[in-house]
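For reference, the structure is listed below as structure tokens.
A short reminder: the numbers here are calculations on the coordinates, not readings from a lab. On a predicted model such as this, the values are computed, not experimentally measured, just so you know. Neighbour counts are summed over all protein chains in view; Cβ atoms, including those assigned to glycine, are modelled from backbone coordinates with ideal geometry.
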Amino acid sequence: MSNRVRLDARRLLCPLPVIKMQNMASDLRPGQEIEAVCTDPGVLHDIPAWCRINGHEVLESKSDRNEYILIIRIGG
Amino acid sequence: MNQQRKAVALISGGLDSLLSARVVMEQGVHVEGINFFTGFCVEGHTHAIRKRERARPKRNNALWTAEQLGIKLHIIDIIEEYKDVLLHPRYGYGAHLNPCLDCKIFMVKKAAEWIEKNEFDFIVTGEVVGQRPMSQRKDTMPVVAQESGAEDLLLRPLCARNLPMTKPEREGWIDRSKLHDFSGRTRKPQIELAEKFGITDFAQPAGGCCFLTDEQYSSKLSDLWKYRGERRYDFDDIMLLKVGRHIRPASNYKLIIAREEGEVNFLQGYKKEYLSIKTISHMGPLALIDGKPSEEQVLEAAAIVARFSKGKMEDRVEVEITRQGGEVQHLLIKPLKPQEMKPEWML
Ligand code: SF4
């Protein structure tokens, strides 16, 4: 599996993007990354909070017009 | 050395679930949180949709609670399975369309399955005897434990001393004398306990954290079932009921009119599936039409939408009607007069 997987969470409202990310993360190994593309601005708050409590790291968080892109790294 | 016991706590995002998990953690138990997403949770969506909600902190209270406690949180999507709970509750509904007792049984049952799969020892909830008229009564609390299959693995730390012994207490995993005996609707003991733990910034959502306890939401859901001719819903239905002004001028169609920019953006996402109307000549909202209106009714709907635009006092307002297939039509329309808007249309 490549080191970075993409999660399309566009049109999903929180907490669904977090749920999708959590489910995807459970199949990944420490060090692998998820790039999530979302449209709900709530993810800018919820995904970092979810990462903090689960020991993952937010590598990048940016917005591009109406899309929010977060890259996270799975913790050990 | 004694083996460290593991519990999963149902985390709703409210103060009681936070305290119950904390009480158990104080006794050296490893706790992780579980949060169920039914689709009717007030969390999240409404913050995202409505701009005026953005003034408030946009946090998800369940995630925030887990962070305060320093525990992991597992959020579980139960949207599909929950339909059966809501549509066929064995114990009926509360004041509105909230099937609280069936809902609690279902959630604890899911938690019981989860602990078995993940090799945890017991389940913790923030229930308090006498706090809620349906699911948290002295006679219904044992029903939750029995029917969920959790039996004596279900511990309610905030009122455990008012209830029969559970296995965690019997086995000495938990010291019963350090649990609580809260009862009734007063919030005072919870607030005091929160203070003792140094917790001040907790969530006390005014209308609760579930749309099914909301009168207006429940009446919109009943309306949906009534005019659809069957009690059925999909995820988009329940999302759309959370958004906009709902107006039903006739049994075969209703309008969903955005009240602000956040709602306009949200409704835009549904333009392919619904006929939509917006005003062009004047600032005005976007509206979706749910149902199958006749051509005459489409004009009536356009006049209603014009009524909510800045051109409501004008003789003619230009509207754009977009069909599901993408076909666009521009029309001049006379906005409906205030006296023509029947109060019974408003859901
Ligand atoms: S308020 Fe809603 S989530 Fe809570 S028990 Fe009742 S139906 Fe379930």
Cα gyration tensor category, rounded, prolate or oblate, for the range B:148-250 with a/c compared to 1.5: prolate
Average Cα contact separation per residue, the range A:4-73, under 8 Å, 6 or more apart, as relative contact order %: 35 percent
Debye log10 I(q)/I(0) at q = 0.07, 0.08, 0.15 Å⁻¹ for the protein assembly as shown, Cα point scatterers: -0.40, -0.52, -1.37
Three-way shape label, the range B:167-206, alpha-carbon gyration tensor, a/c 1.5: prolate
Most mobile listed residue (B:M107, B:M239, B:M141) in chain B, GNM with C-alpha springs under 10 Å: B:M239
Distant-in-sequence amide H partners of B:I280 (H built 1.01 Å from N, under 5 Å): B:E318, B:V319, B:E320
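Can you give the Kirkwood hydrodynamic radius for chain B, in Å, rounded to one decimal and based on Cα pairs?
Mean inverse Cα-Cα distance, inverted, gives 22.4 Å.
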Estimated distance in nm for a label pair at B:Q329 and B:E81, the labels positioned 7 Å out from Cα along Cα-to-Cβ: 4.7 nm
Chain B - mean residue ellipticity at 222 nm from DSSP helices (-39,500 (n - 2.57) per run, n ≥ 4, rounded to 500): -9500 deg cm²/dmol
Nearest 10 degrees, 0 to 90: helix B:15-25 Cα axis against chain B principal axis: 30 degrees
B:R90 paired with B:K6, simple spin-label distance in nm, labels 7 Å along Cα-to-beta-carbon: 2.9 nm
Largest-first principal axis extents of the Cα set of the range B:89-226 (Å): 53, 35, 28
Long-range tail of P(r) for the range A:4-73 (Cα pairs > 21 Å, %): 11 percent
Bins of 5 Å, starting at 0 and running to the largest distance - Cα pair percent for the range B:255-321: 4, 20, 31, 25, 15, 5, 0
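Please report the orientation-averaged projected area of the range B:6-211, defined via the convex hull of its C-alpha atoms, in nm².
That works out to 11.1 nm².
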